[in-house]
1. Of the residues 81, 88, which is buried (at least 24 other Cβ atoms within 10 Å of the Cβ), in contact with a helix residue (DSSP H, G or I) (Cβ under 6 Å, 6 or more places away or on another chain) and modelled with pLDDT of 95 or more?
2. Checking residue 70 against (1) touching a strand residue (DSSP E or B) at 6+ places or on another chain (Cβ under 8 Å); (2) without any contact (Cβ under 8 Å) to a residue 40 or more places away in the chain; (3) farther than 24 Å from residue 136 by Cα, which single condition isn't satisfied?
3. Being within 19 Å of residue 121 (Cα to Cα), within 13 Å of the ligand (Cβ to nearest atom) and at pLDDT 95 or above is true for just one of 176, 151. Which residue is that?
4. In region 192-220, what residues are within 12 Å of the ligand (Cβ to nearest atom) and either touching a residue at least 40 places away in the same chain (Cβ under 8 Å) or crowded, with 20+ Cβ neighbours inside 10 Å (or both)?
5. Can we say residue 86 is outside any helix (DSSP H, G or I), near the ligand (Cβ under 8 Å from one of its atoms) and within 24 Å of residue 241 (Cβ to Cβ)?
6. Exactly one of (1) free of Cβ contacts under 8 Å to residues at least 40 places away in the same chain; (2) surrounded by 24 or more Cβ atoms within 10 Å (Cβ to Cβ) is unmet by residue 118. Its number?
7. Could you list all residues from region 93-115 that are away from the ligand (no atom under 16 Å from the Cβ) and either assigned to a helix (DSSP H, G or I) or in contact (Cβ under 8 Å) with a residue 24 or more places away in the chain (or both)?
Ligand code: NAD
């Protein structure tokens, strides 16, 4: 059974991706800093007949990343699929943005991708095969009050292309997805509970498919890029936006 690690899989896009990969026959390490949330996802997968372990770790912490990957290898086997999904926002206009806002968002949304890729590489290298899927965002194109988030998500696209070139000769593909507006706790928090329904209506009206995205929409695209049969696609950033171009 192939083994996948999905970061930030306690809820939202990560949880949907973990379930989808399990449905595709993979054993899944559900990694999240929120231990009860990762346990919930792992339990859901197990109750549907899949194999999953919950791993509590902060992806921005190099020691925890190293230990988490070692634990996955020990409990499930060598991780050959990595989905770097964990993400946070800390939105503010530039004039009010603090160094902590910057460091938090760049740490979780970009540096952690580097840490996770580096930690799984020996396993993929030994096997001569691997799939890495990074979660970027259409925000990489630029949105107001998100300089930290946009810089991180644009950085993820550069990292994806660099690693695709570097690791391709070793049988490892590296791609990214760039979701548009997906209804999750992240977008609910950004809009505020009261504004969430309205925000979704506004985005849906501007979207050719006339709806906002769901975690399952993104999970399905990630699962495709993580599949054995997607081995000639690498270094790509796939928008999952319902046709919205910005
Ligand atoms: P979410 O906030 O619902 O879930 C994020 C998960 O990541 C949570 O379970 C959280 O505990 C975990 N996490 C956060 N920091 C972590 C850390 N340091 N270590 C380990 N786990 C951590 O978010 P979501 O909407 O499901 O987003 C998932 C990814 O998709 C993120 O990278 C986000 O930037 C990206 N994205 C989301 C949207 C959207 O509209 N929701 C759009 C584009 C991109």
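1. 81
2. Checking residue 70 against (1) touching a strand residue (DSSP E or B) at 6+ places or on another chain (Cβ under 8 Å); (2) without any contact (Cβ under 8 Å) to a residue 40 or more places away in the chain; (3) farther than 24 Å from residue 136 by Cα, the one that fails is (1).
3. On the way: 151 fails: within 19 Å of residue 121 (Cα to Cα).
Just a single option satisfies the conditions, and that option is 176.
4. 203, 212, 213, 214, 215, 216, 217, 218, 219
5. Working: outside any helix (DSSP H, G or I): yes; near the ligand (Cβ under 8 Å from one of its atoms): yes; within 24 Å of residue 241 (Cβ to Cβ): yes.
Spelling it out, residue 86 is indeed outside any helix (DSSP H, G or I), near the ligand (Cβ under 8 Å from one of its atoms) and within 24 Å of residue 241 (Cβ to Cβ).
6. That leaves (2) as the condition not met.
7. Once the filter is applied, which keeps residues that are away from the ligand (no atom under 16 Å from the Cβ) and either assigned to a helix (DSSP H, G or I) or in contact (Cβ under 8 Å) with a residue 24 or more places away in the chain (or both), region 93-115 yields 93, 94, 95, 96, 97, 99.
Condition check ((1) touching a residue at least 60 places away in the same chain (Cβ under 8 Å); (2) touching a strand residue (DSSP E or B) at 6+ places or on another chain (Cβ under 7 Å); (3) crowded, with 23+ Cβ neighbours inside 10 Å; (4) in a strand (DSSP E or B)) across all residues:
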{"residue": "132", "(1), (2), (3), (4)": "no, yes, yes, yes"}
{"residue": "139", "(1), (2), (3), (4)": "no, no, no, no"}
{"residue": "144", "(1), (2), (3), (4)": "no, no, no, no"}
{"residue": "153", "(1), (2), (3), (4)": "no, no, yes, no"}
{"residue": "160", "(1), (2), (3), (4)": "yes, yes, yes, no"}
{"residue": "168", "(1), (2), (3), (4)": "yes, no, no, no"}
{"residue": "174", "(1), (2), (3), (4)": "yes, yes, yes, yes"}
{"residue": "177", "(1), (2), (3), (4)": "yes, yes, yes, yes"}
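The values are calculated or read from the model by the stated rules, or taken from the named source; none is laboratory data. It should be emphasised that the depicted structure is a prediction, and the values quoted were computed from it without experimental measurement. Because the Cβ atoms are built from the backbone with ideal geometry, glycine has one as well, and the counts that use them run over all protein chains shown.
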